[in-house]
Amino acid sequence: MSKRHNAYLRNWPARLLQWLVLALLVFFLSGAALRLFPHTAPADPEAYCPAGGLQALTTYLVRGSLPCSMSSLQILMGLALAAAVVLLSKLFCAYICPIGTIEDLFARLRDALGIHFEGPRRGSAGDWILRLLKYALLFWIFYMTATASELFCKKLDPYYAVATGFKGEITLWMSIVTVTLVLLGGLFVKRFWCRYICPLGAASNTLKFWLPLLCIVLLWWVLSLCGLHLPWWILLAAVCLCGYLLEVVVGESRLQLLYVVKDDDACTRCGRCSKACPYAINVSQRSGRITSVDCTLCGECVAACGDDALHIGIRENGARRRWTRILPALICVLLVAAAFCLKDRFELPTIDVSWDIPEGVKMETVKIEDLKSVKCYGSSMAFKARMQKVRGVHGVKTFVGSHSVIIKYDPTKTDEEKIRKEVFVPSHFRVWSPDPAKLSELKILTIRTEKMYDKLDLNYLGLQFRQTGKSIFGVESEYNCPLIVHVYAAPDEQLDEDFFREIVNKKVLAMPVHGGGVKETPVDFEFVRMEKGEGRIGISEYLHRMFDPFKAEFKGKYPQGDTTVIRPRVEVYADAPQYIYEIANQSYEKPIIKRALPFLSNHLSKEEGVIGVYLALNKELKPCIQVRFAEPMTADRLWELMTMEKWTITYKSDDVREENARMKFTEPGVCYRYEKE
C-alpha cells in the first residue's frame, strides 16, 4: 500500500464523515429513500444548506422577511457553520460539503494522472485576482437574495444543479459554468472551487476575522445613530472588501480555539504535509500553530506526517493526544445535531409587516394555525395583501414552517371572529365527475368540522373521500363556527355520521406519488356533527357550481379621428357577425390546463379579430376552450395558431418571447355562430 493511499485512510474521521454525507445525499435525492420508505416526503436539495440559511438571515436583517420557504433548520445550519468558523475553523468545508468531497476525489485523480500543476503561488498576483472572484460572488449573491427575497444562489450553485438534475430554479448557463469549474478546476488545481470561486468559502474566511468584522458593523451602527443612514449594501460591500483584504494581505487567523499544531523538534522537513494539504499551505516550513486562513482542520497534513510532528490541539506546548484528531469531525456532528434538535424550538417570521397603526389604540393579535397555503414568501405577501383590505387589520406575521399567521388588529374596529371569517376562503373540490347521462340529481349532506381554515384543507378532505370508493362527487365549504361542509353524493349512497367521523378525523392523508411511493400529508381536522336531513341539486346546477371558468377579453388600438385609441374588441365588433371556435375535452378542468390558458390567450390576443378566450361548460356539460372571434379571423387560422410549436408571449411591451406551446391540440374543434345572451 502506497504512503499516499495509507495517509488517505489514516485520515479516517474526515473520510467517514465525507462519504457518509455523500451517501445520504445520493440515497435521498436519487429517490431510493422513497422506494424504501414510501411514506416519506420527497427530499429537498436545499433543506440542510447552511449557505441558504446565512442568506435567509441576511435578508431577514435587511428586509424583516425571509426568502422563499426558508425553514428554521436552514437558518440554524447557517448559524452552526458561523459558530464553527468563529470558534474553530471551516469545518463544513472539510467534513460536510459535497463539493469539497468531489474536489478531494479529483485531487486523487490528478495524482493518478500525473498532473503536477499546483496553480498560482500563494501571494502572487494571479492568486490575488482569483481570490477576488469569490468575494465578488459573495456580494452579488447576498445582494440579489436580500433584494428579491429569493435564494439567488440556486441559479448558479453547482450542488443544487446536479442534485435537481438541472431541473431546479437554475439559470442553465450559470450552472453549466460552475459545474465545469468544479470538475475541470479541481482536476488541475487542488480545491480550485473552494479556494477561488465558492462564495460560502469567502463568507467563512471573513468570519475567521470576526473581530475586524465586528468593528465594521459597530462603526456602521454608530454612523446610523449619528444620523448618517448608509444603505445596507454599503455594509455588505465593506464586509466583503475587508474579508478579501485580510485574506490576501494578512492571511493568518489567530482568533480561534483549535489549530493544527506542529512540533518543530520532531519535524524532519520532508514536505509530505505540504503536498497533502488541499489548500497548498506550506505546512513544513511553518512553526507552531498553523494559522493560515485557508486551514480547515481537515487533518490531511496530520495523516500524511510520518514523524508524528503534527496534531490537532489548542497550543504549541500542550500535550499531544491522538484522540484530538477526531475532534473536528465530532464537533461537526454535534453542531448539526444541535441544529436538528433546536429547529422546532423557534421560528422566524417569513414576513412581519404593519401598516397605518392608529395613535393611542392598543393593538390585539389573533393566531390562526394550519393555513397550508401560507408556504413561502410569495404566498405570505399574497396573504398580507388580502389582509390589508380588511377593516381594522394593521399587521401580519407569517410562519411558513408551521403554516400559521399572527394578525394584528384594532379591537375598536373588528374582533377575532370577524378576522377568522375574513381569513377563511370558501372553496369547493370535485372528488369525481358524475355522468349526466346516468344521474339527473345528487343529494346534499351537511357536516360540521373544525380546524379547516385553509382553502387547501377542503381539497385534502375531498381526497380522503376519494380513497373510500364511495359515490361522493364533491365537497363545498361555507364559513360558520363550526365550519359548514356540504357533501354531494349519489342519491342511493348510504353515508352516516360514523362514516364521516372516521374520515374527517384521520390524521394523515396518504397519496400515491408519480414514480412510486406514497406521500403523507399531516392533517388535523375535527369532526363535530352531521346535520339532520338532506337536500337535492340538479346535475346541471351542480356541475356549474363546481366549475371554475376562465375569461380573457382583449383590447386593440384603433384610429379615431387624428389619433389612435385603445378600445375593447367586444365593442369594436359589436355589430359584426361573431363566432365561437370550441374544443371540448374533459381534462380541461385539470390545474395544468388552467395554468396554460393565460399563455394561450396572450398568444391569440395579438391577432386581429380575436375577441376573447374562455373556459366554460358547453351545452353537453363538458369542459371546453372557446375562442370568440369575428372577421378577418377564421376558424382555420385559429387552429393553425393554436397548434403552433412556438407561441408568441408578451410579458411587457419590450419583452416579447417565442416559447414552446403550453398546450397540445390533436383534434380540431367546431365552429358556430355566437348568439348574444
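The values are calculated or read from the model by the stated rules, or taken from the named source; none is laboratory data. Worth saying up front: this structure is predicted, and the values here are computed from it rather than measured. Cβ placement follows ideal geometry from the backbone for every residue including glycine, while neighbour counts extend to all protein chains displayed.
Observations on the model:
- Only a single criterion out of (1) modelled with pLDDT of 90 or more; (2) buried (at least 17 other Cβ atoms within 10 Å of the Cβ); (3) more than 37 Å from the chain's Cα centre (by Cα) is not satisfied by residue 353, namely (3).
- Hey, residue 64 over 30 Å from residue 257 (Cα atoms) and out of contact with any helix residue (DSSP H, G or I) (no Cβ under 9 Å at 6 or more places or on another chain) or not: yes
- Among the residues listed as 495, 483, the single one being closer than 27 Å to residue 401 by Cβ, among the hydrophobic types (A, V, I, L, M, F, W, C) and either at pLDDT below 90 or not assigned by TED's automatic domain parsing to the domain that holds residue 618 (or both): 483
- Failed item in (1) more than 23 Å from residue 110 (Cβ to Cβ); (2) without any contact (Cβ under 8 Å) to a residue 24 or more places away in the chain; (3) touching a Pro at 6+ places or on another chain (Cβ under 8 Å), with residue 160 passing the rest: (2)
Here is a yes/no grid of residues against (1) loosely packed, with under 11 Cβ neighbours inside 10 Å; (2) outside any strand (DSSP E or B); (3) aliphatic (A, V, I, L, M):
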position: 487; (1), (2), (3): no, no, yes
position: 503; (1), (2), (3): no, yes, yes
position: 519; (1), (2), (3): no, no, no
position: 532; (1), (2), (3): yes, yes, no
position: 541; (1), (2), (3): no, yes, no
position: 556; (1), (2), (3): no, no, no
position: 582; (1), (2), (3): no, no, no
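- Total residues in the stretch 419-452, condition touching a Leu at 6+ places or on another chain (Cβ under 6 Å) and either assigned by TED's automatic domain parsing to the domain that holds residue 590 or of a type outside the set (A, V, I, L, M) (or both): 4
- Filtering the stretch 233-257 to residues that are surrounded by fewer than 17 Cβ atoms within 10 Å (Cβ to Cβ), touching a residue at least 40 places away in the same chain (Cβ under 8 Å) and touching a helix residue (DSSP H, G or I) at 6+ places or on another chain (Cβ under 8 Å) leaves 233, 237, 241, 255, 257.
- Exactly one residue out of 628, 673, 657, 662 is touching a Phe, Trp or Tyr at 6+ places or on another chain (Cβ under 8 Å), under 17 Å from residue 584 (Cβ atoms) and of a type in the set (D, E, K, R): that is 628.
- Single residue of 167, 190 found to be surrounded by 14 or more Cβ atoms within 10 Å (Cβ to Cβ) and in a loop (DSSP other than H, G, I, E, B): 190
- Among the conditions (1) modelled with pLDDT under 90; (2) within 21 Å of residue 526 (Cα to Cα); (3) assigned to a helix (DSSP H, G or I), residue 371 misses just one, which is (3).
- Condition met for residue 245 (at pLDDT below 95 and either over 17 Å from residue 287 (Cα atoms) or in the same structural domain as residue 183 (by TED's automatic domain parsing) (or both)): no
- Breaking point among (1) within 25 Å of residue 373 (Cα to Cα); (2) out of contact with any Pro (no Cβ under 6 Å at 6 or more places or on another chain), for residue 56: (2)
- Listed by position, the strands (runs of 3 or more DSSP E) contained in the stretch 637-677 that have at least 2 residues being out of contact with any helix residue (DSSP H, G or I) (no Cβ under 7 Å at 6 or more places or on another chain), at pLDDT 90 or above and farther than 21 Å from residue 583 by Cα are 655-660.
- From 105, 54, residue being under 15 Å from the mean Cα position of the chain (by Cα), in a helix (DSSP H, G or I) and not assigned by TED's automatic domain parsing to the domain that holds residue 522: 54
- Test: residue in the stretch 75-93 that is farther than 22 Å from residue 210 by Cα, among the charged types (D, E, K, R) and in contact with a helix residue (DSSP H, G or I) (Cβ under 7 Å, 6 or more places away or on another chain): no
The rows are residues; the columns are (1) part of a loop (DSSP other than H, G, I, E, B); (2) buried (at least 17 other Cβ atoms within 10 Å of the Cβ).
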{"residue": "379", "(1), (2)": "no, yes"}
{"residue": "389", "(1), (2)": "yes, no"}
{"residue": "406", "(1), (2)": "no, no"}
{"residue": "425", "(1), (2)": "yes, no"}
{"residue": "433", "(1), (2)": "yes, no"}
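- Being crowded, with 18+ Cβ neighbours inside 10 Å and under 21 Å from the mean Cα position of the chain (by Cα) is a property that holds for residue 46.
- The requirement of being within 19 Å of residue 128 (Cβ to Cβ) and either in contact with an Asp or Glu (Cβ under 6 Å, 6 or more places away or on another chain) or hydroxyl-bearing (Ser, Thr, Tyr) (or both) is fulfilled nowhere in the stretch 216-231; no residue meets it.
- Residues in the stretch 84-101 that are within 25 Å of the chain's Cα centre (by Cα), of a type in the set (A, V, I, L, M, F, W, C) and assigned to a helix (DSSP H, G or I): 92, 93, 99.
- In the stretch 460-479, the residues that are buried (at least 18 other Cβ atoms within 10 Å of the Cβ) and part of a helix (DSSP H, G or I): 460, 461, 462, 464, 465
- Unique match (being touching a Pro at 6+ places or on another chain (Cβ under 7 Å), of a type in the set (A, V, I, L, M, F, W, C), more than 30 Å from residue 438 (Cα to Cα) and not assigned by TED's automatic domain parsing to the domain that holds residue 610) among 513, 523, 508: 508
- Where helices (runs of 4 or more DSSP H) fall wholly inside the stretch 271-344, the ranges with 1 or more residues that are under 42 Å from the mean Cα position of the chain (by Cα) and surrounded by fewer than 17 Cβ atoms within 10 Å (Cβ to Cβ) are 327-342.
- Every residue from the stretch 253-270 that is under 23 Å from residue 96 (Cβ atoms) and part of a loop (DSSP other than H, G, I, E, B): 253, 255, 256, 257, 258
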